[in-house]
Amino acid sequence: MTTSFLKSLGVWCLFTCVPVLALVLSTRGGNGDEFFVIFLLFLLPLVGTIVLYRLVGEQKSVWRSVLYGFALGFAIPMLGGFLLWIITPGFESPAILAGALIMAIPSSIGGALAGWIQGSSDAADRRIEVS
């Protein structure tokens, strides 16, 4: 299960963090604030993979694991954007919600693939236990 956890975390980070990192590095080379934001962005797939790992352990269907990963990948950035929208006063609030929606799309794709990886490895483990 540890390798499936690391694989799914890597895939989720590939879809969520790598495009932002490439964008930051291609524009100016990045500064400390931008790398701090990327670190915070890394927490999204980490928390999502941990929650998905807990949920998939109880499932018997790869399809449900994919749906859980897709839902978590969409819900976590949108929830964070909504909370920042409430906290942040001023004209930046609509931009925060738009940014959360933009981040939710690749995150949901990465979450679905992470759910597929964890669900299929969990199904393979059950087949090995049965035989």
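The values are calculated or read from the model by the stated rules, or taken from the named source; none is laboratory data. It should be emphasised that the depicted structure is a prediction, and the values quoted were computed from it without experimental measurement. Counting neighbours? That spans all protein chains shown, and the Cβs are built from the backbone with ideal geometry, glycine included. Accessible surface is based on the protein model in full, side chains and every heavy atom, while ligands, DNA and RNA are left aside. Shrake-Rupley method; radii C 1.70, N 1.55, O 1.52, S 1.80 Å.
Remarks
- Magnitude of the charge dipole, the chain, Cβ model with Lys/Arg +1 and Asp/Glu -1, debye to 20: 320
- Of the complete DSSP H runs in the chain, those spanning 24 angstrom or more by Cα along the long axis with a mean Kyte-Doolittle score not below -0.5 are 32-56, 62-87, 93-130.
- Unit charges at the beta carbon, dipole of the chain: most positive-side option, Val47, Leu113, Thr88: Leu113
- Ser26 - accessible surface, heavy atoms, 1.4 Å probe, Å² rounded to 10: 90
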